[in-house]
């Protein structure tokens, strides 16, 4: 956002509420980055008149988004005098007995400051009080978020009771942490001063990474079939020839159809070159009406000596022991 030239004695402060609950103040409060069509952001603008403009005078300030023709025109009229001083309550309880209640506000006696004259600064000046509300000499008072009252930051309350701004300088909150799946800390942790404190079994900057390895266990009981590592609940296959959710699919192992063919034929139908030595086959087969189809199965088709086709699938969950399913009915017999 940009604004027209300000009248003398008038200041303007911007606070930007950008995506992911990110809040910017100061000069950074004029803009939000990486905005796309459909994104919603908002700006809070505070205009302060530090001096009177003159009796009956008014001024205009225009505020507009850069690159757009639309603008907001703000007309300033500063009320510097009113007759309510005549109704002042001296030593008002509203002012802790340290000032007069005039026009709805406390006018403090010398040596007292604060909204209700509650601060005794006999031995301090306002700069010293403000200094105790800064993290360092260059930092804004109360992080430009809270109010410095009697040398202590009082942080504002949010509309949502679950959102809390805290810290000695109002520098912390529990709603500006990274999000995962649209949830603060992925719903798996607590946002503490802008950082996610993850619950057990979760890690990552947004607690998006599960340490539970149950989703990485292959059918042979091994983590990622012994051919990968489990990261954030998913297998990362280290053996490049194996893929799949648990690293148990071998797309380049199709040649094993011929290796398993004779054992499949003798186990399923009692035929073939190994029918008399079938007990030497190191795997069993399961006859089914319909062959399974999944990412982990490899389909095979072979012809026997009677010119009949038989179909089977295997899944290589262990390097030496495949899981084999054979179709009960042969084709073209």
* Over the chain: helical MRE at 222 nm, DSSP H runs n ≥ 4 each giving -39500 (n - 2.57), nearest 500 -> -2000 deg cm²/dmol
* Asked: Under a plain spin-label model, where a point goes 7 Å from the Cα along Cα-to-Cβ, how far apart in nm are residue 19 and residue 77?
  -> 4.3
* **Calculated diffusion of region 164-280, Stokes-Einstein form, Kirkwood radius summed over Cα pairs, 37 °C and 0.692 mPa s, µm²/s** => 182
* Can you sort 61, 249 so the residue with the fewest Cβ neighbours within 10 Å comes first? -> 61, 249
* Label selected from (1) 23, 44, 31, 3; (2) 32, 56, 12, 0; (3) 19, 31, 19, 16, 11, 3, the criterion being P(r) over Cα pairs in 20 Å bins from 0, in percent as computed here -> (3)
* Structure fact -> Over all viewing directions the Cα convex hull of region 35-100 casts an average projected area in nm² of 8.4
* Structure fact -> In a Gaussian network model of the chain with springs linking alpha carbons closer than 10 Å, the residue among 239, 307, 136 that fluctuates most is 307
* region 93-112 versus region 161-204: alpha-carbon centroid distance in Å -> 41
* **For region 2-77, diffusion coefficient by Stokes-Einstein and Kirkwood Rh (Cα), 10 °C, 1.306 mPa s, µm²/s** => 115
* To do: Name the most mobile residue of 164, 217, 241, meaning the one with the largest mean-square fluctuation, in a Gaussian network model of the chain with Cα contacts below 10 Å.
  => 241
* If you rank 120, 212 by fewest surrounding Cβ atoms within 10 Å, what's the result? -> 212, 120
* Asked: In what order do 301, 261 fall by count of nearby beta-carbon atoms within 10 Å, going from fewest to most?
  -> 301, 261
* Structure fact -> Quick note, region 1-156: a/c under 1.5 would make it rounded; otherwise a/b > b/c is prolate and the rest oblate (a ≥ b ≥ c, C-alpha gyration tensor); here it is oblate
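Please say if region 96-148 is rounded, prolate or oblate, where rounded means a/c under 1.5 for a ≥ b ≥ c the square roots of the C-alpha gyration tensor eigenvalues, and otherwise the choice is prolate for a/b larger than b/c and oblate otherwise?
Oblate shape, in that a/c is at least 1.5 and b/c is the bigger or equal ratio.
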* Among rounded, prolate and oblate, which fits region 255-327 when a ≥ b ≥ c are the square roots of the eigenvalues of its C-alpha gyration tensor, a/c under 1.5 means rounded, and a/b larger than b/c means prolate? -> oblate
* To do: Starting from the Cα coordinates of region 121-222, work out the convex hull volume and express it per residue in Å³.
  => 126
* Asked: Which percent, to the nearest 5, of DSSP beta bridges fully inside the chain are antiparallel?
  -> 95
* Relative to the compact-globule scaling 2.2 N^0.38 Å, provide the ratio for the alpha-carbon radius of gyration of region 83-181. => 1.37
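The numbers here are math on the coordinates, done by the rules we state, and not lab data. No experiment lies behind these values; they were computed from the predicted model shown. Here Cβ is always computed from backbone atoms with ideal geometry, including for glycine, and neighbour counts include all displayed protein chains.
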